[in-house]
1. Considering only the range 13-43, state which residues are in a helix (DSSP H, G or I), of a type outside the set (A, V, I, L, M) and in contact with a Phe, Trp or Tyr (Cβ under 9 Å, 6 or more places away or on another chain).
2. Just a yes or no: is a residue in the range 9-32 touching a residue at least 60 places away in the same chain (Cβ under 8 Å), surrounded by fewer than 16 Cβ atoms within 10 Å (Cβ to Cβ) and not acidic (Asp, Glu)?
3. Is it fair to say LEU50 is touching a Gly at 6+ places or on another chain (Cβ under 7 Å), modelled with pLDDT of 75 or more, under 21 Å from LEU135 (Cβ atoms) and in a helix (DSSP H, G or I)?
4. Looking only at the range 46-85, how many residues end up being closer than 27 Å to GLN120 by Cα and aromatic (Phe, Trp, Tyr)?
5. If LEU50 satisfies all but one of (1) buried (at least 19 other Cβ atoms within 10 Å of the Cβ); (2) without any contact (Cβ under 8 Å) to a residue 12 or more places away in the chain, what's the number of the condition it fails?
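The values are calculated or read from the model by the stated rules, or taken from the named source; none is laboratory data. Everything quoted here is computed from the prediction, not taken from an experiment. So basically every Cβ, Gly included, is an ideal-geometry build from the backbone, and we count neighbours across all protein chains shown.
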Amino acid sequence: MKFSSQEEYGLRLLLRIAKFYRAGKSLTIPEIAGAEKISHHNVGKILRLLRLGGFLVAERGQTGGYTLARPPEEIKVKEVLESLGGRLYDDSFCQSHSGAADFCTNSIDCSLRSLWKIIQDSIDTVTERLTIKDLMGSENYIFEIITESEK
């Protein structure tokens, strides 16, 4: 199971932009691409998706660039991941992976469906708790947030 590069890069780009949110500074595609070592084309494509998802605002002109549409503490990681690539598992999963059959031949008491649902529920639980602001903290800080809410 993998997250796509679009989801990885999307979170990285949001974090890069979020670092300048409080200062009111916007970042341009060339600035972001250079800092993240991602092509201008890919940065532009992902920033467009993030803008359409309601996470970014784009300003044109000499002083233009991208800024967060909301404060980083209001942007849930779950929302961003769903906007960029969707869920790893949802109810339509079995229909789209049924092979040549019209429906899953293992639909009665399917342990694989249960596994994918448990994994997706775990991912949802964690990513619903985390915000972009949380990701701006250290790895230990994020671990504390997750483990604290499990108690």
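1. GLU36, ASN42
2. yes
3. Working: touching a Gly at 6+ places or on another chain (Cβ under 7 Å): yes; modelled with pLDDT of 75 or more: yes; under 21 Å from LEU135 (Cβ atoms): yes; in a helix (DSSP H, G or I): yes.
Yes.
4. Here the count works out to 1.
5. (2)
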